[in-house]
Amino acid sequence: MNLDDFLPHLLPDLPGCPDSIVKQQLLFAVIEFCQETHAWNEIQDPILVRERVNEIDVDTPTGARIVAVKDVWASNRKLRPVTMPQLFELIPNWQTAEGSEATYYNASTDYRTIRIFPIPIDVNGNTLTLRVAYAPKMDATSIPDELAIKYWDALIGGAKARLMVIPGKAWTNSQMSAYNRNVFDGGVLKAKISALHDRVEGSLSVRPHPFA
C-alpha cells in the first residue's frame, strides 16, 4: 500500500500540514511500529548449505531493511542463537571447528549476514530456513498491504501523535497527540501479542497450578 493512500485519513486532522511532512512522519511511525513489534516478518525460502561456507546471506524485500533474524531452522531442528562470548564457551575453536550439522548461529556484524557453527562439511543437500523481521527503509514509499490493513488505526495514530506534538503549527494539539499515542501504543501491544501467538488464536495456555 502506498503511503499516499493514508493521506485522506490524515490530512483532515492536520490543517495546513504539507503532504511530504505527513508521509515522512507516517513512515517514521511505521518504522517504529515494525522495530517494536516485528509484525512484518517472513519465512524465507530454504537456503542450500555449502561445503565449508558458514556465512549465509539474508534476503531483504525491496524497500525494506532487516530488523532481526528471529529464527533459523535446519531440516530437523532449530539452531540456537549465541553471542560471541557464548560461542567461545561452547566451541573454543569456533574459527576452525567443522561438523556435518550446524548447531549455533549469530549475526555479530550486521543482520545482512548470519554465521553458522560449526563450519559445515559433508552437507549432503542440507538447507536452512530463516524467519526474518523487517522495517521499511527511510526512503520507502509503500508498506505491505497486510501490515497496513491489520494495523491501520495504530499507524495512523502514530503519525498523528508525531505531527500534533510539533509546537507552533496550525495542526498542533497536545491532547490529541497524547490520545493518538495511546492508540499507537495499544496497537504495538496487540501486535506483540499476535507475534507471540504466531498469529494462531488461542495458542497460548496457562499450566494449571498444583494444589498441595
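The values are calculated or read from the model by the stated rules, or taken from the named source; none is laboratory data. Values in this document were obtained by computation on a predicted structure and should not be read as measured data. Because the Cβ atoms are built from the backbone with ideal geometry, glycine has one as well, and the counts that use them run over all protein chains shown. Side chains included, ligands, DNA and RNA excluded: accessible areas come from the protein's heavy atoms. Shrake-Rupley method; radii C 1.70, N 1.55, O 1.52, S 1.80 Å.
Among the residues making up segment 11-22, a single one is crowded, with 19+ Cβ neighbours inside 10 Å and within 25 Å of the chain's Cα centre (by Cα): VAL22. Quick check on ILE31: is it modelled with pLDDT under 95 and crowded, with 16+ Cβ neighbours inside 10 Å? Judged against the criteria, ILE31 is not a match. Restricting segment 62-97 to residues that are open to solvent by 90 Å² or more (accessible area, probe 1.4 Å) and touching a residue at least 12 places away in the same chain (Cβ under 8 Å), the residue that is nearest to HIS38 (Cα to Cα) is ARG80.
Against the definition (among the small types (Gly, Ala, Ser) and surrounded by fewer than 21 Cβ atoms within 10 Å (Cβ to Cβ)), how does ALA178 come out, yes or no? In short, yes.
Summed over segment 162-176, residues that are part of a helix (DSSP H, G or I) and over 18 Å from LEU27 (Cβ atoms) total 3.
Looking only at segment 109-125, how many residues end up being within 14 Å of GLN44 (Cβ to Cβ) and either surrounded by fewer than 18 Cβ atoms within 10 Å (Cβ to Cβ) or touching a Ser or Thr at 6+ places or on another chain (Cβ under 8 Å) (or both)? It would help to see each step written out before you state the result.
The first filter runs over segment 109-125 and keeps only residues within 14 Å of GLN44 (Cβ to Cβ), leaving 111-114.
Within this subset, residues satisfying the condition of being either surrounded by fewer than 18 Cβ atoms within 10 Å (Cβ to Cβ) or touching a Ser or Thr at 6+ places or on another chain (Cβ under 8 Å) (or both) are 111-113.
So the answer is 3.
If you check ARG115 against the conditions, is it within 26 Å of the chain's Cα centre (by Cα) and among the charged types (D, E, K, R)? So ARG115 fits the description; yes.
Of the residues making up segment 126-149, none is free of Cβ contacts under 8 Å to residues at least 60 places away in the same chain and either surrounded by 17 or more Cβ atoms within 10 Å (Cβ to Cβ) or within 30 Å of LEU90 (Cβ to Cβ) (or both).
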